[in-house]
Amino acid sequence: MAIIAEDNIFVLGAALFAMAWLGFWIDNKDIGKKISGVVWVLTAGMALSNFHVIPFKSPVYDFVGGYLIPLAIPLLLFKANLRKIFSESGTIMLVFCVASMATIIGAVLGFYLMDLGDIGPKVAGVYTGGYIGGAVNFLAVSQAVEMTSEEFSAAIGASSQVSNLALLSLIAIPSISIITRMIPSEVMNQINEESEEHKSEEEQEPFILSHVTGAIAISFVICGVSDFLGGYFDVKQYNILIITVLTISLVNMFPKVMEGVKGEFNVGMLIMYLFFAMVGAGTSATLFFSSAFNLFLYGMFIIVVHLVIVLTFAKIFKVDLADAIVASGAALVGPAVTAAIAISRGWRNLITPGIMCGIFGYAIATFIGVAVTKLLS
């Protein structure tokens, strides 16, 4: 029996928020660049539950997973303006589509070449969603395909390490002479030694209460409509997909209004970190360590196939290496990290296209991930 009872709502709430705080704090430190805060949150949750400090199950966890997570999806997608994405992404969008297809090929090939057990189709789906979109898609697909907390924790724990290695690969590629000789880059050649002086610090999005409360209200409405439609058509297991469709439709009907909303993404990320803490708390360490290594190898296989296909495409069709790296990064590590890569290299004209492609990935990846799971089931 755990020290903290499963019905001790306030103390368990404090524990979840403390673990979320730990994740955000680590993300802003040097260690967070090597090991994501998500991994630390999951590990902290697992440690507390497996050492019987907090319970494996609680109504608090059910509330976070059942109500807060659907609420977070719209908050994380309110900037998915498809018209803007396509108009500002240029050639990089084409390469991003190739990169997304490469992820699908890697996931399907790996599924047939490796023994992933009964959860294989689910893992293939969530990894496809995660490596085309991001953590929000990883989470959304896992809910749509009904992945258990233990399965989710093992999958995202292994995936986080793979993502770190993918990031290191993307950073290292411009320094690998054999690749730069095979795939020339005018962008890289035009960067002078003074580019470091033009780096800009990441701007913090303002937190405007009137915007945030309005965004949360809209998110509640979207979730309510989705719940009604899911019940009416008897497809409640796809509520996350319905929420995604409704959100993207709203954003693209009122793009200027949604573009002006400030602070909603931070609230969505807070909810996601609470979810990661909850998942860690509900995970058996024995199951996690017995399955995570195999999933790590599977994730690495997807990344290798992805990079080989993208670089081969760039070589054959004479795509600028910098464009290929940014497009690949938008899929594998998301828009924010891709922007950081572009800034660190001085590719300032590639920052916006990279972000736009990453946001487009958020919009489509959940549907692709669920489709891959259905295909392989």
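The values are calculated or read from the model by the stated rules, or taken from the named source; none is laboratory data. From a predicted model like this one, the values you see are computed outputs, not experimental measurements. Note: ideal-geometry Cβ built from the backbone for every residue, glycine included; neighbour counts use all protein chains shown.
Tabulated results
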read-out: Number of positions in the stretch 131-181 that are more than 21 Å from residue 104 (Cα to Cα) and either β-branched (Val, Ile, Thr) or touching a residue at least 40 places away in the same chain (Cβ under 8 Å) (or both); value: 11
read-out: Whichever residue in the stretch 67-93 is among the polar types (S, T, N, Q) and in a helix (DSSP H, G or I) and, among such residues, is farthest from residue 244 (Cα to Cα); value: 91
read-out: Matching residues, the stretch 220-242, being in a helix (DSSP H, G or I) and either among the β-branched types (Val, Ile, Thr) or closer than 15 Å to residue 262 by Cβ (or both); value: 221, 222, 225, 240, 242
read-out: Given (1) among the β-branched types (Val, Ile, Thr); (2) at pLDDT below 95; (3) out of contact with any Asp or Glu (no Cβ under 7 Å at 6 or more places or on another chain), index of the condition residue 119 fails; value: (3)
read-out: Selection within the stretch 322-340 - out of contact with any Asp or Glu (no Cβ under 9 Å at 6 or more places or on another chain), among the hydrophobic types (A, V, I, L, M, F, W, C) and crowded, with 23+ Cβ neighbours inside 10 Å; value: 324, 325, 326, 327, 330, 331, 332
read-out: Unmet requirement for residue 43, which otherwise passes all of (1) out of contact with any helix residue (DSSP H, G or I) (no Cβ under 8 Å at 6 or more places or on another chain); (2) under 20 Å from residue 162 (Cα atoms); (3) not small (Gly, Ala, Ser); value: (1)
read-out: Residue match in the stretch 86-102 (condition: modelled with pLDDT under 90 and surrounded by 23 or more Cβ atoms within 10 Å (Cβ to Cβ)); value: yes
read-out: Which listed residue, of 292, 277, 285, is surrounded by fewer than 22 Cβ atoms within 10 Å (Cβ to Cβ) and under 19 Å from the mean Cα position of the chain (by Cα); value: 292
read-out: Residue in the stretch 51-59 that is assigned to a helix (DSSP H, G or I) and either polar (S, T, N, Q) or surrounded by 16 or more Cβ atoms within 10 Å (Cβ to Cβ) (or both) present; value: no
read-out: Boolean, residue 62 is charged (D, E, K, R), surrounded by fewer than 21 Cβ atoms within 10 Å (Cβ to Cβ) and more than 27 Å from residue 166 (Cα to Cα); value: yes
read-out: Failed condition for residue 319, given (1) of a type outside the set (Asp, Glu); (2) part of a helix (DSSP H, G or I); (3) under 17 Å from residue 354 (Cα atoms); value: (2)
read-out: Residue within the stretch 68-80 that is surrounded by fewer than 17 Cβ atoms within 10 Å (Cβ to Cβ) and closer than 30 Å to residue 166 by Cβ present; value: yes
read-out: Count - residues of the stretch 231-251 that are within 16 Å of residue 220 (Cα to Cα) and surrounded by fewer than 19 Cβ atoms within 10 Å (Cβ to Cβ); value: 2
read-out: Any chance residue 324 is under 19 Å from residue 87 (Cβ atoms) and either part of a helix (DSSP H, G or I) or in contact (Cβ under 8 Å) with a residue 40 or more places away in the chain (or both); value: no
read-out: Matching residues in the stretch 169-224 - criterion: being more than 25 Å from residue 27 (Cα to Cα), modelled with pLDDT of 80 or more, surrounded by 11 or more Cβ atoms within 10 Å (Cβ to Cβ) and among the hydroxyl-bearing types (Ser, Thr, Tyr); value: 180, 185, 213, 219
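For (1) surrounded by 13 or more Cβ atoms within 10 Å (Cβ to Cβ); (2) small (Gly, Ala, Ser); (3) free of Cβ contacts under 8 Å to residues at least 12 places away in the same chain, each residue gets a yes or a no:
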residue	(1), (2), (3)
4	yes, no, no
12	yes, no, no
15	yes, yes, no
19	yes, no, no
22	yes, no, no
29	no, no, yes
39	yes, no, no
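Results for (1) within 21 Å of the chain's Cα centre (by Cα); (2) within 18 Å of residue 140 (Cβ to Cβ), shown as yes or no for each residue.
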{"residue": "221", "(1), (2)": "no, no"}
{"residue": "225", "(1), (2)": "no, yes"}
{"residue": "228", "(1), (2)": "no, no"}
{"residue": "232", "(1), (2)": "no, no"}
{"residue": "238", "(1), (2)": "yes, yes"}
{"residue": "246", "(1), (2)": "yes, yes"}
{"residue": "251", "(1), (2)": "yes, yes"}
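For (1) under 19 Å from residue 150 (Cβ atoms); (2) in a helix (DSSP H, G or I), each residue gets a yes or a no:
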{"position": "2", "(1), (2)": "yes, no"}
{"position": "6", "(1), (2)": "yes, no"}
{"position": "10", "(1), (2)": "no, yes"}
{"position": "13", "(1), (2)": "no, yes"}
{"position": "17", "(1), (2)": "no, yes"}
{"position": "21", "(1), (2)": "no, yes"}
{"position": "24", "(1), (2)": "no, yes"}
{"position": "43", "(1), (2)": "yes, yes"}
{"position": "46", "(1), (2)": "yes, yes"}
